[in-house]
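A.B. asks: Quick one: this structure, given as structure tokens, is what I'll be asking you about.
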Amino acid sequence: MTFARAAPTDDADGAIRSIVIVGGGTAGWISAAILARALTGTGTRITLVESADIGIVGVGEATIPPFIDMLQFLDIKLPDFIRHTEATLKLAIRFDQWNGPGTSYWHPFGTFGTGIGRRPFHHALLHDRAHGGQGGVDRYNLCAHLCEADQAFSPERPPPGARFALHLDAVLMARYLRRYAETLGVARIEATVRGAARRGDGTVASIALTDGRTLPADLFIDASGFAGVLIERELKTGYVDWRAHLPCDRALAVPTPRAATLPPYTVAHAMRAGWRWRIPLQHRCGNGYVYSSAHQSDDAACADLQTALGTDAQPRQLRFVPGRRNRAWVGNCVAVGLASGFLEPLESTSIHLIVAGVFNLLDHFPDRRFDPALAASYNAELALELERIRDFLILHYALTTRRDSAFWADMAQAPLPDSLAERIALYADAGTIRPYPREMFTEASWFYVLDGMGLTPRRTDPLLSAIDPARLRAMLAQISHDTLAGRAQALPHCALFPLRAVAIPG
């Protein structure tokens, strides 16, 4: 692989001229790649410090469609990236047994029907059901329809209405982005950060490495994971704990061999004290169990996961506290990824939040004065985004009818944030969903979960009552026909990524 590199321009007074990224892995190398691309030609020096002794967490091996937009920004060719990261296509997430045995629903990507009578499409679907219709999501969303048959399409030529993301190997992705970033001039230092020196105004002047070196910089990016080496250990910004709403605080991860079938979707399967994921890659399958330590011991969780997977392999354990830093940007230090906060990967938001955080930094990019207004705006936007994602994750638990374990009984009775309770009440009345500006999860995404968890509004949208039910059904049939026309481009997902004899990385 080859990447273009531009020559630097002359310095400008007050401009950021040096950036140090603390931590490699997914967060560090995504940050390095985006910053190097965006700052090409400015003469800004970017140095990344990482330790070989600190592994990549690797929980976020599933992405969402904006990840493809990031690759386009970086001018990375999708086939090359897929080949080097053992990636497969992801068209949806399937949620199994969240309302008990035998239940399942889709959260697919791509378009969902089309508006009727200036009303969002889900209103027409609900109105038709109230008059005896049986239409499901897969009739009006091409990605859900293809997932039912384990089919996909060429990622270079997606059919109209389809959108996709990737399942990928996080370790291989970090290696790929490291090569990309180094080609654009990013310098890598293998070392461990011992501490930091501060200026009189409290900002970070330099970091000290265990090998005796010091690294000064204008701007510091903390990508050190849960440790928060700069943002917490040095700057002590504090943490907002969301375990009262999302009690899962442990995860077990273990790879298994790739199966003969290759579904183009992530599975989130409800378990006794949480849920387990299945992420199909070209060379293996990623699996894990996210659970609440207050409801199940580590040994019992390990046994449940091994039984579910039919393996005696020992999984790797991760411990976390769901929530966020009080401030992700303090002075001249910006935390990204796990250093800024963590939410369970139920909707594959971990990698997205890294990307979004770095692009948000570019939108607020400072000079060496570090105007506090920039940090305040950045922190407010990040906090709001995390809170809205938090609410969307809680939604998956809030409507459950499961009572077969203490965990599910507790989740069904757990108090809701006011912001989420208001949205559920609004939908429960007449199916109204009011997305916020720049909200990551769309109106359709909220409908998929609300409907998938079995919440039926008390009444349908009154503006659709003017449409004759028979005429509405004919309109829906035409929309379904047009939506599923993309089936002509479908291929078995496994045909896109033929089975090979490969080793399973640990």
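A.B. asks: Looking at this structure, is residue 416 under 30 Å from residue 134 (Cβ atoms) and assigned by TED's automatic domain parsing to the domain that holds residue 114?
C.D. replies: Judged against the criteria, residue 416 is not a match.
A.B. asks: Determine which member of the set 404, 363 is without any contact (Cβ under 8 Å) to a residue 40 or more places away in the chain and of a type in the set (Asp, Glu).
C.D. replies: So the residue among 404, 363 that is without any contact (Cβ under 8 Å) to a residue 40 or more places away in the chain and of a type in the set (Asp, Glu) is 363.
A.B. asks: Here's a follow-up. Output the residues belonging to the stretch 148-187 that are closer than 30 Å to residue 484 by Cα and among the hydrophobic types (A, V, I, L, M, F, W, C).
C.D. replies: If the condition is that a residue be closer than 30 Å to residue 484 by Cα and among the hydrophobic types (A, V, I, L, M, F, W, C), then 149, 152, 153, 162, 164, 165, 166, 168 are the ones that fit.
A.B. asks: In the stretch 309-328, what count of residues is obtained for those that are under 19 Å from residue 388 (Cβ atoms) and either of a type in the set (Val, Ile, Thr) or touching a strand residue (DSSP E or B) at 6+ places or on another chain (Cβ under 7 Å) (or both)?
C.D. replies: Final tally of qualifying residues: 6.
A.B. asks: Here's another thing I want to ask about it. If you go through the stretch 249-279, how many residues are more than 21 Å from residue 109 (Cβ to Cβ), modelled with pLDDT of 95 or more, touching a helix residue (DSSP H, G or I) at 6+ places or on another chain (Cβ under 8 Å) and not in a strand (DSSP E or B)?
C.D. replies: Final tally of qualifying residues: 2.
A.B. asks: Another question, then. For residue 113, indicate whether it is assigned to a loop (DSSP other than H, G, I, E, B) and either of a type in the set (Phe, Trp, Tyr) or buried (at least 22 other Cβ atoms within 10 Å of the Cβ) (or both).
C.D. replies: Criteria met by residue 113.
A.B. asks: Any idea which residue in the stretch 452-506 is modelled with the lowest pLDDT, counting only those that are under 27 Å from residue 156 (Cα atoms) and of a type in the set (D, E, K, R)?
C.D. replies: Out of the qualifying residues, it is 500.
A.B. asks: Within the stretch 301-322, can one find any residue that is small (Gly, Ala, Ser), surrounded by fewer than 23 Cβ atoms within 10 Å (Cβ to Cβ) and within 26 Å of residue 21 (Cβ to Cβ)?
C.D. replies: no
A.B. asks: Within the stretch 144-172, track down each residue that is in a loop (DSSP other than H, G, I, E, B), out of contact with any Asp or Glu (no Cβ under 7 Å at 6 or more places or on another chain) and over 17 Å from residue 112 (Cα atoms).
C.D. replies: Within the stretch 144-172, 149, 150, 153, 154, 155, 156, 157 qualify.
A.B. asks: Right, another one. Can you tell me which residue among 306, 296, 282, 314 is closer than 28 Å to residue 91 by Cα and either in a loop (DSSP other than H, G, I, E, B) or modelled with pLDDT under 95 (or both)?
C.D. replies: The conditions single out 282.
A.B. asks: Looking at residue 191, is it small (Gly, Ala, Ser), outside the structural domain of residue 448 (by TED's automatic domain parsing), surrounded by fewer than 24 Cβ atoms within 10 Å (Cβ to Cβ) and more than 20 Å from residue 70 (Cα to Cα)?
C.D. replies: For residue 191, the condition - small (Gly, Ala, Ser), outside the structural domain of residue 448 (by TED's automatic domain parsing), surrounded by fewer than 24 Cβ atoms within 10 Å (Cβ to Cβ) and more than 20 Å from residue 70 (Cα to Cα) - is met.
A.B. asks: May I ask you to list pairs of residues, at least six apart or on different chains, whose Cβ atoms are under 7 Å apart, with the first in the stretch 451-471 being within 30 Å of residue 412 (Cβ to Cβ) and the second being part of a helix (DSSP H, G or I) and hydroxyl-bearing (Ser, Thr, Tyr)?
C.D. replies: 455/427; 457/427
A.B. asks: I've got another one for you. With the structure loaded, tell me whether residue 243 is more than 25 Å from residue 492 (Cβ to Cβ), free of Cβ contacts under 8 Å to residues at least 60 places away in the same chain and in a loop (DSSP other than H, G, I, E, B) or whether it fails that test.
C.D. replies: The answer is no for residue 243.
A.B. asks: Consider residue 400 carefully, then state whether it is part of a loop (DSSP other than H, G, I, E, B) and under 24 Å from residue 272 (Cα atoms).
C.D. replies: In short, yes.
The values are calculated or read from the model by the stated rules, or taken from the named source; none is laboratory data. For clarity, every value in this text was computed on a predicted model and none was experimentally measured. Ideal geometry is used to build each Cβ from the backbone, glycine not excepted, and the neighbour counts take in all protein chains shown.
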